[in-house]
Amino acid sequence: MKLIGILTSPYVRKTRIVLIEKKIDYEFVVTDLNSPDNIANQFNPLGKVPCLVMDDGKALYDSSVIVDYLDTTTPVSRLLPDDNRGRADVKCWEALADGVMDAAILVRLEGKRPTGQQSPEWIRLQTGKIHSGLKAMSSHLGNNTFCHGNTFSLADIAVGCTLGWLDFRFPEIGWQKDYDNLASFFERLSTRPSFIKTRPE
């Protein structure tokens, strides 16, 4: 299999961590999203990453779709629970984490526009979503070691990727000082080989 992506995308990182945790061999193909030669255009009509090209040439896109598929390909290191309620809980964690990243990316893109064309109200709205999402993560996690149950799951991967990307792109948010439990959680995750190998650069 080939995974098409970029090194700094939190969604690509989430997919790469799942591949590593599941011990699935793959080739990582780095593309340039701003280039007309963006490889992802060949497999995803939206030209977005991550994009997983399977051995038969069929492609999957959207990180949530890809990680769901990957978890079913091998019983090694199951990342989604078998029971419906547990699975839904983990997927809600993923949706929350992805939603925070979505808002943060929108803030970043708005900040790249010429100053006179930026919308302070739009930035305020999206920044509010980031802080609301972080507060919910902290509240849901409480004093637990893992996001769901007593085992490492996709929920932990998704939240870890979000916190790592905020650290990378928005250090001024300083979520660690506001949420001690998230800081401790992220510190533990950061020692896992899959997180070490996929740190954004």
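Which semi-axis lengths, in whole Å and largest first, follow from the square roots of five times the eigenvalues of the Cα gyration tensor of segment 40-103? Before the final figure, lay out the partial values.
Working: eigenvalues 108, 64, 10 Å².
Ellipsoid half-lengths, sorted descending, are 23, 18, 7 Å.
Provide, as a two-decimal number, the C-alpha radius of gyration of segment 5-67 over 2.2 N^0.38 Å, N being how many residues it has.
In units of the globular-protein estimate, segment 5-67 measures up at 1.04.
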**Complete:** Note, G5: beta-carbon cut-off 15 Å, +1 each Lys/Arg, -1 each Asp/Glu, net +3
**Request:** Report C92's accessible area, 1.4 Å probe, all protein chains in place, as a number in Å² to the nearest 10.
**Result:** 90
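Hey, could you grab the Kirkwood Rh for segment 23-141? Inverse mean 1/r over distinct alpha carbon pairs, Å, one decimal.
Numbers: mean 1/r = 0.0585 Å⁻¹.
One decimal place: 17.1 Å for the Kirkwood radius.
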**Protection proxy ranking of 173-184, 126-137 - average other beta-carbon atoms within 10 Å, highest first** = 126-137, 173-184
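Given 20 °C and 1.002 mPa s, compute D for the chain with the Stokes-Einstein relation, Rh being the Kirkwood radius over Cα pairs; round to the nearest whole µm²/s. Present the calculation step by step, with values, prior to reporting the outcome.
Numbers: Rh = 17.6 Å.
Result for D is 122 µm²/s.
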**Item:** Area of F28 that stays accessible when all protein chains are in place (1.4 Å probe, Å², to 10)
**Value:** 50
**Request:** Would you mind telling me the share, in percent, of accessible area of the chain contributed by carbon and sulfur at probe 1.4 angstrom?
**Result:** 52
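Quantify how much of the Cα-Cα distance distribution of segment 82-201 extends past 22 Å, in percent. Provide the component values of the computation, followed by the final result.
Details: 2544 of 7140 pairs.
The share of Cα pairs beyond 22 Å in segment 82-201 comes to 36 percent.
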**For segment 83-98, 3J(HN,Hα) per residue [Karplus equation, 6.51 cos²θ - 1.76 cosθ + 1.60, θ = phi - 60°, Hz, x = Gly/Pro]** = 7, 4, 5, x, 4, 4, 5, 5, 5, 5, 4, 4, 4, 5, 4, 5
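In what sequence, highest mean first, do 58-64, 30-36, 188-194, 156-162 appear when ranked by Cβ atoms within 10 angstrom? Spell out each step's value before the answer.
Working: 58-64: 18.1, 30-36: 11.0, 188-194: 14.6, 156-162: 27.7.
So the order, starting with the most tightly packed, is 156-162, 58-64, 188-194, 30-36.
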**Request:** Restricting things to alpha carbons, find the Rg to Rh ratio for segment 71-152 using the Kirkwood radius for Rh.
**Result:** 1.14
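The values are calculated or read from the model by the stated rules, or taken from the named source; none is laboratory data. None of the values given here were measured: they were computed from a predicted structure. All Cβ positions, even for glycine, are placed from backbone atoms using ideal geometry, and neighbour counts span all protein chains on display. For the accessible areas, the whole protein counts, side chains as well, though only heavy atoms, and no ligand, DNA or RNA atoms are used. Shrake-Rupley method; radii C 1.70, N 1.55, O 1.52, S 1.80 Å.
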